[in-house]
Structures are given as structure tokens and as C-alpha cells.
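J.: Please find one structure pasted underneath; my questions will follow.
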Amino acid sequence: MQDSPNRDLIGQPGGRDRLQTPCLVLDLDAAEANIACMAAHAQAAGIGLRPHAKAHKSVALARRQLDAGATGICVATVGEAEALAAGGIGGLLLTSPVAGTAKLRRLAELARSGHAVMATVDHPDAVAGLSAAMTGGAMAGASAPLTLLVDMDVGQHRTGVPDADTALDLARAIADAAGLAFGGIQAYAGHVQHIAGLAERRAAMERPWALIQAVRQRLAGAGLAPAIVTGAGTGTHALDAGAGLFTEMQTGSYVFTDVQYDAVVLREAAATPFRPSLFVACSVVSTHQEGFVTTDGGLKRFATDGPAPRPMRNAPAGAGFRFSGDEFGALLLNGARPPARGTVIECQVPHCDPTVDLYDWYHVVRGDVLVEIWPVEGRGAI
Ligand code: PLP
Ligand code: MN
């Protein structure tokens, strides 16, 4: 991994606008405000918060979330769990089901080495595999059990078991397995997070909430009341916090927000006020064209599943963005005067999670000062 070429700018006034680009910029004042905002929201609602690190993959940001009162940190891959555990982050919950003996073994090894980690499952094979990995070998019986949650499919149709009967069967299998403990359920409604309109998202949560309620009752009736009921993303956090069904939320994107979330969810009057904190800085590299200038931030520098990057800092008012190939972007002037070659323009990222995974370093700024450079420890960690 190449070091950032920007280290000598740390601490220099105006360094933010002289960064070598393209690079990832984190506005720490905004990120800290977002972390405090979600923490206060959860606290006021009397619900736990285990923020998802799939977006930031960063020990420093996870540490700040824990310092703000989070119960723990969610991760999407075993590799992210390993990376954050190595950085001293505890209370980890792996929210993706794991398949394959080798990876189940890595997860069990992490748990057996004393790291505080829980995981989710949606199939008895994973329960059997994890039980074997937790109890085999010379150290058999030496560690605390690995706590597992049953992953529910509440409508996204991606992972999870579909109904209360299957959930109960799996919960029983966990409770009966050596080396494992049943901890509760996960019910993340990913399909609802980006629906425009609070009323529309509320309506779309009715079915997931009814299923969660049914599963809770079914499990409790069988003596397996779920201690943890986790779910909620940034788009539904205000709704889920008041639903009376969850014990904790696993919101992730709120630390940064992105163009995708800002467009549909965070502009609503009732929205919790999160501020954009994550940008890709790119430089104007060519100015020969009519109506736009060319920057050095193209398809390799932004996730491209969402809307276009939004030009912000140092961009002319009203500017737009169009991709112009692998290495280049077109900053659309919309009648404004073209910025000079070398101008460092920051664009809000279209979709935060897959954009962060394109970078090795956060360039952490406060105001116009580059204050630190942090590694993205979980980048590419599978
Ligand atoms: N939980 C799971 C399982 C997810 O996949 C995600 C994001 O995709 C989150 C939580 C966080 O949601 P958001 O980024 O919308 O806050
Ligand atoms: Mn996402």
C-alpha cells in the first residue's frame, strides 16, 4: 500500500485546498457532529446503538462512536471484524452470514482468541460449522461461547430466514449447539432505507415490523426470548427507534451521508440533521472545452451505482458533474466561469460505502487544515 503523498501538508493553513488528488477527504467536525447526533437520538429514544462500520471501515471512527456511547460496532465481513479487533474495537457484530469452512474457522478463531464478537446466521449448516470450529482442537471448551443471532429476511430478499417457524428452528439449533449461545435476531430492512418520503417509508415498514413482532412472540413462547433485536439503517432510524421492537440500531451511512441519502431522505423536514462529511477531492486538469472543465476524478474514484457526485467546495455555484472515463470527470459549469487548472474541487460522494473501499487513506480535515491522515483499516478486508 502506497503512503499518502500529502503528509507534509498536515497542520499547514490552507492545506486542504492544496492536496494532491484524487483523494478521500473527511470533514471531522461534520463526522463528529453526525456521530453525536445519532447517539443523542438513540439515547433519547431509549434504544441501543451499534453503528455499522461497513461504510467507514475505520478504527478511529469506530472508537469515536464507542466514545459517544455505542454498545458496539457492526461489521460486514470477517476481515472487517479482524481489522477492527486488531485496532482494539470490541462489541463486534458480524451482520452477514458466513459460508465455507475456512471462513467459519476464522470467525471462531477471533472469538476464541478472546475478542468480543457476535455473528448472524441464516442456515443450520453455519450453526454446525461454527459449533465444530468453536469446540474442536486442543483448546476445546476453553473459551466463552460464540453468541449468534438469527438473521431474518424482512423483505429485502437477500439473506435471512423468511418466517417465525424457521427462525425458531434455527434459534433452537443455536441454543442446543456446543460452543454457541443464542443471542436474538437481526431484522435489517435494506429495501426501505432509500424510499422517498417519511410516510412512504413508514408504510413500507409495517410488514417488517409485523414479522419482527411475530418472531419475537414465537421465540418467547418457546423460552427463547431474543435478548437482542437489531436492525435499522439511516433511512428508517427515526421510525425504527419508536417502533418498540428493537433493542438496538445498526445505522451506518449517517456518519458521512452521501448524495443518494441526501437526495431522498435527509432533505425531509422531519429528518435528523446529518451533514455531508465525506468528499473526493479532485483537481481541474484541463480547460480547453466549452461549458465544462476536466478533473482527475473519474470512474475509478467514485462508486458509480448511485447518482452523480455533487461538486461542493471550490466548485462554482450551480456546477454539475458527469463521468468522463476511468480517470476523468467533467465539471459542468452551467454558465459559471471556469475554475483555473490546478483548483482542488471537492465532490460529495454518491454512495459512501463502496466509495470508501476505493481508498487507502482518509485525509482528515478541520476547516481548511489537514489535521491527520488515517488508514482505512478494513479496506478490501474479506
Ligand atoms: N445493516 C446492514 C445489514 C446493512 O447492510 C447496512 C447497509 O447496507 C446497514 C446496517 C447500515 O445501513 P445505512 O447505511 O443505511 O445506515
Ligand atoms: Mn450503502
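The values are calculated or read from the model by the stated rules, or taken from the named source; none is laboratory data. A quick note: this is a predicted structure, and the numbers were derived from the prediction, not measured. Note that each Cβ is placed from the backbone with ideal geometry, even for glycine, and that neighbours are counted across all protein chains shown. Accessible surface areas use protein heavy atoms only, side chains included; no ligands, DNA or RNA. Shrake-Rupley method; radii C 1.70, N 1.55, O 1.52, S 1.80 Å.
J.: Between H191 and V371, what is 0.36 nm times their sequence separation minus the Cα-Cα distance? Round to one decimal in nm.
T.: Values: separation 180, 0.36 × 180 = 64.80 nm, distance 3.74 nm.
Full-extension gain reported as 61.1 nm.
J.: Sticking with this one: Could I have the simple spin-label model distance between D67 and Q43, label points 7 Å from Cα toward Cβ, reported in nm to one decimal?
T.: Between D67 and Q43, the simple spin-label model gives 1.5 nm.
J.: So if we plug the beta-carbon distance of S286 and A99 into 1/(1 + (r/R0)^6) with R0 = 51 Å, what FRET efficiency do we get, rounded to 0.05?
T.: Details: r = 47 Å, r/R0 = 0.92.
Result of the calculation: an efficiency of 0.60.
J.: In addition: If contacts are Cα pairs under 8 angstrom and at least 6 residues apart, what is the relative contact order of region 28-262 in percent?
T.: Details: 426 pairs, mean separation 45.0, N = 235.
This gives 19 percent for region 28-262.
J.: To continue, here is another question. In nm², what is the average projected area of the convex hull enclosing the Cα atoms of the chain? All intermediate terms of the calculation are to be shown ahead of the outcome.
T.: Details: hull surface 78.0 nm².
One quarter of the hull surface, i.e. the mean projection, equals 19.5 nm².
J.: Going by alpha carbons, how many degrees (0 to 90, nearest 10) lie between the helix axis of 164-176 and the longest principal axis of the chain?
T.: With both axes taken from Cα atoms, the answer is about 70 degrees.
J.: Residues of region 333-361 with the amide nitrogen closer than 16 Å to a label point 7 Å from the Cα of E327, along Cα-to-Cβ, please.
T.: 342
J.: Rounded to a whole number, what is D in µm²/s for region 191-280 from Stokes-Einstein with the Kirkwood radius over alpha-carbon pairs (37 °C, 0.692 mPa s)?
T.: Details: Rh = 14.2 Å.
D, rounded to a whole number, is 232 µm²/s.
J.: Now, a different point. What net charge do the residues around I174 carry, taking every other residue with its C-beta under 12 Å from that of I174, with Lys and Arg at +1 and Asp and Glu at -1?
T.: Values: positive: R172; negative: D122, D151, D169, D176.
Every neighbour counted, the sum reads -3.
J.: Pick from A340, A111, A81: which is most flexible by mean-square fluctuation in a GNM of the chain where alpha carbon atoms under 10 Å apart are linked?
T.: Its mean-square fluctuation being the largest, the pick is A340.
J.: Next up: State the Cα centre-to-centre distance between region 229-286 and region 338-382 in whole Å.
T.: For region 229-286 versus region 338-382, the Cα centre distance is 18 Å.
J.: Dipole magnitude of the chain about its Cα centre, charges +1 at Lys/Arg Cβ and -1 at Asp/Glu Cβ only, in debye to the nearest 20? Show your work: numbers first, answer last.
T.: Values: 30 positive and 37 negative charges, 51 e Å.
Approximately 240 debye in magnitude.
J.: Now for a separate question. What figure in square angstrom, to the nearest 10, would you give for the accessible area of H41 with a 1.4 Å probe?
T.: 40
J.: Counting DSSP beta bridges in the chain, what percent are antiparallel, to the nearest 5?
T.: Details: 27 of 57 bridges.
DSSP beta bridges in the chain are roughly 45 percent antiparallel.
J.: How high is the FRET efficiency between A199 and N334 when r is their beta carbon distance and R₀ equals 41 Å, given to the nearest 0.05? Write down the numbers at each step before the final one.
T.: Working: r = 33 Å, r/R0 = 0.81.
According to the calculation, E is roughly 0.80.
J.: Okay, which of region 120-134 sit inside 16 Å, backbone N to the point 7 Å along the Cα-Cβ direction of R218?
T.: Residues 121-124 qualify, since their backbone N sits under 16 Å from the label point.
J.: Right, something else. Under 5 Å between amide hydrogens, which residues at least 5 positions from A227 or on another chain qualify, with H placed 1.01 Å from N in the peptide plane?
T.: HN-HN under 5 Å from A227: G184.
J.: Can you work out ³J(HN,Hα) from phi for every residue in region 345-356, in order, using Karplus 6.51 cos²θ - 1.76 cosθ + 1.60 and θ = phi - 60°, giving whole Hz and x for Gly and Pro?
T.: Values per residue, Gly and Pro as x: 10, 9, 10, 5, 6, x, 9, 5, 4, x, 6, 4 Hz.
J.: Testing the spin-label approximation: label points 7 Å from Cα along Cα→Cβ at A33 and R341. State their distance in nm.
T.: Going from the A33 label point to the R341 one covers 3.7 nm.
J.: Non-local amide H neighbours of T295 (under 5 Å, H modeled in plane, Pro and chain starts lacking H): which ones?
T.: V285, G329, A330, L331
J.: Where does the chain land at 222 nm, in deg cm²/dmol rounded to the nearest 500, when only DSSP H runs of n ≥ 4 count, each adding -39500 (n - 2.57), divided by all residues? Show your work: numbers first, answer last.
T.: Values: 10 runs with 113 residues, N = 382.
Result for the chain, helices only: -9000 deg cm²/dmol.
J.: Helix 198-221 versus the longest principal axis of the chain: what angle, 0 to 90°, nearest 10, using Cα atoms?
T.: 20
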